[in-house]
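Read the structure below first, then the notes.
The values are calculated or read from the model by the stated rules, or taken from the named source; none is laboratory data. Worth saying up front: this structure is predicted, and the values here are computed from it rather than measured. Reconstructed Cβ throughout: ideal geometry from the backbone, glycine too, with neighbour counts over all protein chains shown. Note: accessible area is taken over every heavy atom of the protein model, side chains too, but ligands, DNA and RNA are not part of it. Shrake-Rupley method; radii C 1.70, N 1.55, O 1.52, S 1.80 Å.
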Amino acid sequence: GQAVVLSEGVTNAVVSQNQMTNNYGYLNLAHTSLGAACEEVGMIGAAQGGNQWVSNVVDGTGSVGLRLGNGVVGSQARGNTMKRVGQFSAAASPWEVTGAVGLGNTNVVVSGNVVESDATRTGSCQVSGEVMGLEVSSNTLSGFEHSSSLGPLFVAGSTGTRVLGNVVMRSRYGLWLNSGGTGLVVEGNQFSDVRGGDAVMYLAGGGGVRV
């Protein structure tokens, strides 16, 4: 199964200083659906959020390291380390921030985390769907060098996401903005050792972008 799940109305919880190793569980007996090692997801009619994911180590997952999903409001992921992510998946997502119509994801902060990709599979830290007011700041993202990688940070949707003061090293691309994202702000980030021929920032749609 999964290491830690906060769901269906959990608020103001703290998940801190845990070592989560080899999180390879499936969500079903048929072994066709992999779960995130850590996940927070809300439901219609139940407040969800204000939770803190702090200083945890996620080392080895079948799919996603941390998913902050539908209906989450104001939760924060700070100072976590994520590595060997997606060992059973074609694509590895160290963390994902996602929202759905009617269950938007609002004012989440992902800051000060260290993410290491081993470049054995494609994958990115992902932002998608009904996401509003996300802050991605002061993270260190490295090793996203798989030949099919779209970079360490892939924004495919969202409104008002702020990407501030992150350090990106040894990767294909740096930031990829796909169609659907609006109001993206990219400031004060450092990009080094981006693969030759790849853009540091690739803008494939969206509106109101400030770089």
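Listing for the model above:
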{"item": "Filter result for the condition that a residue is modelled with pLDDT of 95 or more and in contact with a Phe, Trp or Tyr (Cβ under 9 Å, 6 or more places away or on another chain), over 110, 131", "result": "110"}
{"item": "Which listed residue, of 64, 110, is β-branched (Val, Ile, Thr), within 18 Å of residue 183 (Cβ to Cβ) and in contact with a strand residue (DSSP E or B) (Cβ under 7 Å, 6 or more places away or on another chain)", "result": "110"}
{"item": "Matching residues in segment 100-154 - criterion: being hydroxyl-bearing (Ser, Thr, Tyr) and either over 13 Å from residue 68 (Cα atoms) or buried (at least 24 other Cβ atoms within 10 Å of the Cβ) (or both)", "result": "111, 117, 120, 122, 124, 137, 138, 140, 142, 147, 148, 149"}
{"item": "Of all residues making up segment 167-198, the number that are surrounded by fewer than 14 Cβ atoms within 10 Å (Cβ to Cβ) and small (Gly, Ala, Ser)", "result": "5"}
{"item": "Conditions (1) at pLDDT below 95; (2) closer than 18 Å to residue 139 by Cβ; number of the one not met by residue 8", "result": "(2)"}
{"item": "Meets criteria (over 24 Å from residue 78 (Cα atoms), open to solvent by 40 Å² or more (accessible area, probe 1.4 Å), more than 19 Å from the chain's Cα centre (by Cα) and of a type outside the set (Phe, Trp, Tyr)) for residue 208", "result": "yes"}
{"item": "Number of the exception - residue 96 against (1) outside any loop (DSSP other than H, G, I, E, B); (2) within 24 Å of residue 23 (Cβ to Cβ); (3) open to solvent by 50 Å² or more (accessible area, probe 1.4 Å)", "result": "(3)"}
{"item": "Breaking point among (1) surrounded by 15 or more Cβ atoms within 10 Å (Cβ to Cβ); (2) out of contact with any Phe, Trp or Tyr (no Cβ under 7 Å at 6 or more places or on another chain); (3) modelled with pLDDT of 95 or more, for residue 26", "result": "(3)"}
{"item": "Failed criterion for residue 182 (all others in (1) within 23 Å of residue 101 (Cα to Cα); (2) within 17 Å of the chain's Cα centre (by Cα) hold)", "result": "(2)"}
